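J.: Below: one structure in structure tokens.
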Amino acid sequence: MSSPTINFTGGGWFAKIQLNKISSTTSLANPFGRNKMKTPFKLLCLCLTLSGVTSAVTTYAELLTFDDLSTVSLGDPTFGIIPQDYGGLNWNNFGVLDGVTVDPSYGYHTGVVSPDNVAFNLSGNQASISVAAGTFDLDSAYLASALNSVPVQQIQVQGYVGSTLVYNNTYTVHNTGPTLVNFDYLGIQSVTFTSGSQQFAMDNLTVAVPEPATMGFWTLCSVGAVLLAFKKGKHSSMSS
């Protein structure tokens, strides 16, 4: 009898189990062979392997427009703070404001792509985005120089895996309108934005982040499969 095989379809994001060529004499209570006590262990290993595959590699692309965020923070009615876990990411030193209501001479206003909000680096300091576990892809964003006194500025964007720098590029942006930047930073854990103590505006950030873990579901499946196989195997043994 051949062993079970696992086929991967859909670019590797979906695992499909196929039990091939189970002989007609094989009991459904014991599909892996004669040793009934090994059946639960094999089922458990198979389920846990699949749970590791689905929780580790599944990602989903997301467009972050910042338009669903509050633009009011404690003590300041003009801007808000991007909360942790927004878009499945951790945010450091990023604020959000309503760019439509800002004077049109500012990049906060001209940098709006999807009304009404834009993100910006607080006080012109370095800002960063990271992921709590695994990695993410930084695909693209629209950037603009935020102040009317800074018509042109450069933004250095550095991507890291742990403490190792893996991407390092500098982009030139203006305060007259948004510039689409295609980063294509793949498999990073954090990214920093440095703009020489000047503020920049960011809108419509596209990222690919890990999908919420499905380990709990697969664990329940694993336990259920083990108990069912063990019960059937025990019943078959007592009947023989």
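J.: Can you tell me how many residues within segment 127-161 are more than 22 Å from the chain's Cα centre (by Cα) and either part of a strand (DSSP E or B) or touching a residue at least 60 places away in the same chain (Cβ under 8 Å) (or both)? Can you show your working first?
T.: Within segment 127-161, the first condition is being more than 22 Å from the chain's Cα centre (by Cα), and the residues that meet it are 144-156.
Filter once more, keeping what is either part of a strand (DSSP E or B) or touching a residue at least 60 places away in the same chain (Cβ under 8 Å) (or both): 144-145, 152-156.
The qualifying residues number 7.
Each row is one residue, and each column tells you yes or no for (1) surrounded by 18 or more Cβ atoms within 10 Å (Cβ to Cβ); (2) in contact with a Gly (Cβ under 7 Å, 6 or more places away or on another chain); (3) among the β-branched types (Val, Ile, Thr).
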{"site": "Trp91", "(1), (2), (3)": "yes, no, no"}
{"site": "Ser105", "(1), (2), (3)": "no, no, no"}
{"site": "Asp116", "(1), (2), (3)": "no, yes, no"}
{"site": "Asn125", "(1), (2), (3)": "no, no, no"}
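J.: Sticking with this one: Quick check on segment 51-69: of everything there that is of a type outside the set (Asp, Glu) and either in a strand (DSSP E or B) or modelled with pLDDT of 95 or more (or both), which residue is surrounded by the most Cβ atoms within 10 Å (Cβ to Cβ)?
T.: Just the residues of segment 51-69 that are of a type outside the set (Asp, Glu), to begin with: 51-61, 63-66, 69.
Still in the list and also either in a strand (DSSP E or B) or modelled with pLDDT of 95 or more (or both): 59-61, 63-66, 69.
On the way: Thr59: 17, Tyr60: 12, Ala61: 10, Leu63: 12, Leu64: 22, Thr65: 18, Phe66: 27, Leu69: 18.
Residue satisfying both the conditions and the ranking: Phe66.
J.: Okay, next question. Within segment 162-177, is even one residue under 18 Å from Phe66 (Cα atoms) and in contact (Cβ under 8 Å) with a residue 60 or more places away in the chain? Break it down stepwise before answering.
T.: At the first step, the residues of segment 162-177 found to be under 18 Å from Phe66 (Cα atoms) are 177.
With the extra rule that they be in contact (Cβ under 8 Å) with a residue 60 or more places away in the chain, the set shrinks to 177.
Yes, segment 162-177 has at least one match.
The values are calculated or read from the model by the stated rules, or taken from the named source; none is laboratory data. A quick note: this is a predicted structure, and the numbers were derived from the prediction, not measured. When we count neighbours, we look across all protein chains shown, and the Cβ atoms used for this are built from the backbone with ideal geometry, even at glycine.
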